[in-house]
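The values are calculated or read from the model by the stated rules, or taken from the named source; none is laboratory data. These figures come from a predicted structure and were not determined experimentally. In this analysis, Cβ positions are derived from the backbone assuming ideal geometry, glycine residues included, and neighbour counts consider all displayed protein chains. Note: accessible area is taken over every heavy atom of the protein model, side chains too, but ligands, DNA and RNA are not part of it. Shrake-Rupley method; radii C 1.70, N 1.55, O 1.52, S 1.80 Å.
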Amino acid sequence: MAAATAASPTPIATFPTLSHPRRSQSAFDKRPTITASRSTAFSRASPSPSPRSDVRPLHPLGSRSFLHWHEDAGARRLPALRSAGTDGDTLGSLAFPGALRILHLALSLGIILTADKLLKKAFFAASIKFPSALFGMFCVFSVLTALDYAAPSAAKGVMDFFEPATLFIQRWLPLFYVPSLVVLPLAVRDVPAASGLKIFVILVGGWLASLSVAGQTAITVRKLVKTEMIPAEPMAKSSPFSNVELWTWASIFLSTFALAYVNPTALGTSARTCLPFLLAATVLGYMVGSGLPFNVKKVFHPIICCALSADLAAVAYGYFSKCSLDAVLANYLTKVSSNPGAGDILMGFLGSVIISFAFAMFKQRKLVKRHAAEIFSSVIFATIFSLYSTAIIGRLVGLEPNLTISILPRCITVALALSIVSFFEGANPSLTAAAVVLTGVVGANFVQTVMDKLRLDDPIARGIATASSAHGLGTAALSAKEPEALPFCAIAYALTGICGSLICSVPIVRQSLLFIVG
């Protein structure tokens, strides 16, 4: 027995093989090489024994889980920060990456929101009617362009710093344009049914015509100047919504709906008390709509689902609390800063959304510069066509002149559309806002399908056509699925509003439009 024992080889210390719940051992063997400092430290602490065929290699937990980027079922994980020296604080360090990301998002988004608020105050104090956010967008784009010329690394640093904010805005972009659609019943209730039908025909037909004109003009000018298309810079796509997010917002909706039912002024005013559950209903509608099958979303866009969800919540609360729907919708969008509703919170991001477009434009600056001729020419031509075609069709179908004037800026964002109709006497600003929203809804719902039929295939033509015909809502809908078109949507969105304002500020243009309207 002693001889047998002496003859047997010296036992080699083995360790239990660490397994990964979603990966085979072969996946571990393909892991990236660990950093030199960590590798050296580990080899000194635990010298490797002689290789044996029956013992699989040891994969240190620290080097695997906390030092490398790796893909797990398609999700990207960040390495946790570790304090120097020991392995004992591993679990505590897991919280740092998430906290740092949240802090980074809050800081970058907070700067954009603050800049928007300061610009609004400055423009209001100076009695400037031009939208401050558009001015901010061009300022940010100009600064980034100057930095890129003088110090490219500084421009890249600024882009990287604001990336969390731009991705957040891109993910929730359609949501910020929904409030005007939710309160649409309040805006159109005083319009006669016959006139309403005529307006609807003008808006739908006008949107289709403006889309075709803008897209085909861009392609025609490109052929005339013989500009060759080059691939657009890749744009990050938004991550899908998780079940945790869905159930969290559902819990908020149920709990705050019950609170508002029990005590309608629990948070001080009825608008504040209704704010949480109406906001949750809006968000839930967008989440559910975003998860619908692709074929369904072609005819039932998430923006429609989002607005319907908020309106259904308002109807349900009105039914149980014995309040009128008008009263609940008035609490949704109060337009009073001291007593905001859910819609006021969402629309408070609109200025920041427009400013954030500058980053997407800068990322595609080479394409914007290369295709400047088709961008500017198509936007100017489409804007003039939109104004005069609306006036002509309104006259032909016998629409009342004051109603026709009110819907002239149907393809221009609400802020600038309201300033445009202020040039005309007898216009109805509420109807103007409703017409703009309806045009955007039609565009958001059908823009991709129609452009596919018209064979508008490249992101430049698609972006210009969408923004020139359906402004912000169309931009939000298209960029959610085609982020590479966002820069061209953004610049066409801004230029369409600016061009329309400048054209209508000319007295002879206003007189000609009034003459056509009759």
Requested in this report: Would you kindly calculate the translational diffusion coefficient of region 156-199, applying Stokes-Einstein with the Kirkwood radius from alpha carbon pairs, for 10 °C and a viscosity of 1.306 mPa s, and quote it in µm² s⁻¹ without decimals?
Outcome: 116
Requested in this report: Heavy atoms only, probe 1.4 angstrom, no DNA, RNA or ligands counted: give me 306, 323 ranked by accessible area, highest first.
Outcome: 323, 306
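One quarter of the convex hull surface, Cα atoms only: what value does that give for region 95-178 in nm²?
Average projection, Cα convex hull of region 95-178: 7.2 nm².
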Report task. Find the Cα radius of gyration of region 135-182, compare it with 2.2 N^0.38 Å by division, and give the number to two decimals. Result -> 1.50
Query raised in the report: In square angstrom, rounded to the nearest 10, how much accessible surface does residue 180 have for a 1.4 Å probe?
Result: 30
Requested in this report: Output the direction-averaged projected area (hull surface divided by four) of the convex hull of the alpha-carbon atoms of region 456-518, in nm².
Outcome: 4.9
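Calculate what fraction, in whole %, of the accessible area of region 116-188 sits on carbon and sulfur atoms when a 1.4 Å probe is rolled over the protein chains. Present the calculation step by step, with values, prior to reporting the outcome.
On the way: 2710 of 3680 Å².
Percent of accessible area from carbon and sulfur atoms in region 116-188: 74.
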**Report entry** Qualifying trypsin sites (Lys or Arg not before Pro) for region 438-518 [loop in DSSP, other Cβ within 10 Å: at most 11]
**Finding:** 455
Report task. With a 1.4 Å probe and every protein chain left in place, work out the accessible area per residue of region 358-509 in Å², rounded to a whole number. Result -> 32
Query raised in the report: Which ³J(HN,Hα) values, rounded to whole Hz and listed in residue order, are derived for region 182-198 from phi using the Karplus coefficients 6.51, -1.76 and 1.60 in 6.51 cos²θ - 1.76 cosθ + 1.60 with θ = phi - 60°, glycine and proline given as x?
Result: 4, 8, 4, x, 6, 7, 10, 5, 8, 8, x, 4, 5, 5, x, 5, 4
Query raised in the report: Considering the alpha-carbon set of region 237-321 alone, what are its Rg and its Dmax in angstrom?
Result: 14.0, 44
**Report entry** Heavy-atom accessible surface of region 249-341: percent carbon and sulfur, 1.4 Å
**Finding:** 69
Report summary line: Semi-axes (Å, rounded, descending) of the ellipsoid equivalent to region 414-518 per its C-alpha gyration tensor are 28, 14, 12
